[in-house]
Amino acid sequence: MRKGLLTTIAAAALLTIPLGAQAQMDDVKIKAQKLTDGIHMLRGKGGNIGVLTGPDGTFMIDDQFAPLTDKILAAIKEIGGDVPRFMINTHYHHDHTGGNENLGNKGVIIVSHDNVRKKLVNGATIKAFNKVIPPAAKAAVPVITFAEEMTFHLNGETLHVFHSSNAHTDGDSIIHFKKANVIHAGDTFFNGFYPFIDTGAGGTVQGVIAAVDKMLALADDNTKIIPGHGPLADKAALVAYRTMLMTAQTRLSSLKSSGKSAADAVAAKPLSDLETTWGKGFLPTDKWITIVYDGV
Ligand SMILES: [Zn+2]
């Protein structure tokens with residue numbers, strides 16, 4: 001089952017395991033979506049980027065892949081920003097940290113949760129995809145880290161950055177733009193489809209639900225939510241995602257406590273009613289169950 005997964009293009013696309021990486025990146029266009037004066041969401045390939053611009057400098061969330069750095073910086077220029085003063089990684093995955101080395105070499109101060117830095121320094125394996133991530137170059141490594149939370153004050157905005165444990169990984173950060181009422185969820189939120197959960201790195205379905213609950217407590221009907229993947233979202237979309245996760249958690253944990261293996265759980269088709277809505281993204285239901293089962 002695991003081996004079969006490795007060969008799927010969908011899975012490769014999810015983590016964008018390099019399949020002729022440079023050629024794939026040549027066609028990528030970075031599209032900026034304005035959320036408020038000074039806050040944009042950038043989409044290209046890999047995790048969604050958040051950008052705050054203003055007189056105190058540019059603040060950036062995640063940086064996709066190394067071959068895209070120049071295009072991303074050009075897009076930031078176009079929306080009135082500059083080479084970022086700070087860039088925070090929401091977690092260690094290479095579709096969110098691939099530009100770190102390029103940015104570090106330009107003097108950008110890289111920030112992350114403690115566990116992200118550990119994985120970048122030591123290297124890591126994304127077990128679900130047998131994807132080995134070698135130790136990062138020195139310039140790619142965060143120079144400021146935190147355990148629970150930290151706050152940035154710039155451009156008139158208050159950015160509260162907080163950790164939610166054992167969610168998508170063991171090192172997730174969520175960023176709340178308090179004045180603008182914007183949240184960047186990192187990969188604790190895939191908008192509209194099943195999320196990859198990195199159970200090999202401490203991720204759990206319950207932890208993702210807990211992260212979602214923290215965001216819901218901050219959100220109202222006007223909140224703009226940048227998901228790690230998928231289009232810009234609102235509170236209603238996050239509520240729908242939570243409902244799906246709770247349904248899956250309840251059904252899968254009941255199969256697990258009755259002693260069923262992941263293969264048995266897949267065969268039992270416990271989420272067939274969710275497939276049409278949630279299984280049309282990167283991960284069809286059967287594959288998703290296989291990936292998250294260790295973490296229910
Ligand atoms: Zn991720």
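For segment 270-292, the set of residues classified as surrounded by 22 or more Cβ atoms within 10 Å (Cβ to Cβ) and of a type in the set (Asp, Glu) is empty. Can you name the residue in segment 93-122 that is within 16 Å of the ligand (Cβ to nearest atom) and in a strand (DSSP E or B) and, of all such residues, is surrounded by the most Cβ atoms within 10 Å (Cβ to Cβ)? The qualifying residue surrounded by the most Cβ atoms within 10 Å (Cβ to Cβ) is 113. Go through segment 178-190 and count every residue that is more than 14 Å from the ligand (Cβ to nearest atom) and either among the basic types (Lys, Arg) or in contact with a Gly (Cβ under 8 Å, 6 or more places away or on another chain) (or both). Summing the residues that are more than 14 Å from the ligand (Cβ to nearest atom) and either among the basic types (Lys, Arg) or in contact with a Gly (Cβ under 8 Å, 6 or more places away or on another chain) (or both) in segment 178-190 gives 4. For the subset of segment 218-229 comprising residues that are crowded, with 18+ Cβ neighbours inside 10 Å and without any contact (Cβ under 8 Å) to a residue 60 or more places away in the chain, which member is farthest from residue 243 (Cα to Cα)? In this case the residue turns out to be 223.
Exactly one residue out of 90, 125 is within 16 Å of the ligand (Cβ to nearest atom), among the hydroxyl-bearing types (Ser, Thr, Tyr) and at pLDDT below 95: that is 125.
Going by the conditions given, is residue 43 within 16 Å of the ligand (Cβ to nearest atom) and of a type in the set (Lys, Arg)? Yes, satisfied. Scanning segment 230-260 for residues that are among the small types (Gly, Ala, Ser) and closer than 22 Å to residue 281 by Cα yields 230, 233, 236, 237, 240, 248. Would you be able to say whether some residue in segment 128-140 is under 18 Å from the mean Cα position of the chain (by Cα), of a type in the set (S, T, N, Q) and away from the ligand (no atom under 13 Å from the Cβ)? No, that holds for no residue. Look at (1) buried (at least 21 other Cβ atoms within 10 Å of the Cβ); (2) not in a loop (DSSP other than H, G, I, E, B) and you find that residue 151 fails only one, number (1).
Assess whether residue 140 counts as being more than 26 Å from residue 158 (Cβ to Cβ) and of a type in the set (A, V, I, L, M, F, W, C). Step through it out loud before you land on a result.
Details: more than 26 Å from residue 158 (Cβ to Cβ): yes; of a type in the set (A, V, I, L, M, F, W, C): yes.
Yes: the conditions hold for residue 140.
Keeping to segment 177-217, report how many residues are touching a residue at least 24 places away in the same chain (Cβ under 8 Å), assigned to a helix (DSSP H, G or I), of a type in the set (A, V, I, L, M, F, W, C) and over 13 Å from residue 163 (Cα atoms). Steps first, please.
As a first pass, look at segment 177-217 and keep what is touching a residue at least 24 places away in the same chain (Cβ under 8 Å): 177, 180-216.
Those left that are additionally assigned to a helix (DSSP H, G or I): 186-188, 199-201, 205-216.
Within this subset, residues satisfying the condition of being of a type in the set (A, V, I, L, M, F, W, C) are 201, 205, 208-212, 215-216.
Still in the running and over 13 Å from residue 163 (Cα atoms): 201, 205, 209, 216.
Total satisfying the criteria: 4.
Give the residues of segment 45-58 that are crowded, with 23+ Cβ neighbours inside 10 Å and either under 14 Å from the mean Cα position of the chain (by Cα) or part of a helix (DSSP H, G or I) (or both), sorted by residue number. Matches in segment 45-58: 46, 47, 48, 49, 50.
Listed here are the residues, each with its yes/no results for (1) of a type in the set (S, T, N, Q); (2) under 24 Å from residue 126 (Cβ atoms).
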{"residue": "257", "(1), (2)": "yes, no"}
{"residue": "262", "(1), (2)": "no, yes"}
{"residue": "266", "(1), (2)": "no, yes"}
{"residue": "270", "(1), (2)": "no, no"}
{"residue": "290", "(1), (2)": "yes, yes"}
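Take the conditions (1) more than 16 Å from residue 229 (Cβ to Cβ); (2) within 16 Å of the ligand (Cβ to nearest atom); (3) outside any helix (DSSP H, G or I); residue 63 misses just one of them, which is (1). If you filter segment 79-92 down to residues that are in a loop (DSSP other than H, G, I, E, B) and over 15 Å from the mean Cα position of the chain (by Cα), you find that the one that is surrounded by the fewest Cβ atoms within 10 Å (Cβ to Cβ) is 82. Of all residues in segment 152-173, those satisfying the criterion of being within 16 Å of the ligand (Cβ to nearest atom) and not polar (S, T, N, Q) are 163, 167, 168, 170, 171, 172.
Among the candidates 61, 76, 110, single out the residue that is within 15 Å of the chain's Cα centre (by Cα), modelled with pLDDT of 95 or more and under 21 Å from residue 159 (Cα atoms). I'd like the intermediate steps shown before the answer.
Working: 76 fails: within 15 Å of the chain's Cα centre (by Cα); 110 fails: within 15 Å of the chain's Cα centre (by Cα).
None of the other options fit; the residue is 61.
The values are calculated or read from the model by the stated rules, or taken from the named source; none is laboratory data. Computed from a predicted model, the values in this text were never measured in an experiment. Using ideal geometry, Cβ is built from the backbone for each residue, glycine included, and neighbour counts are taken over all protein chains shown.
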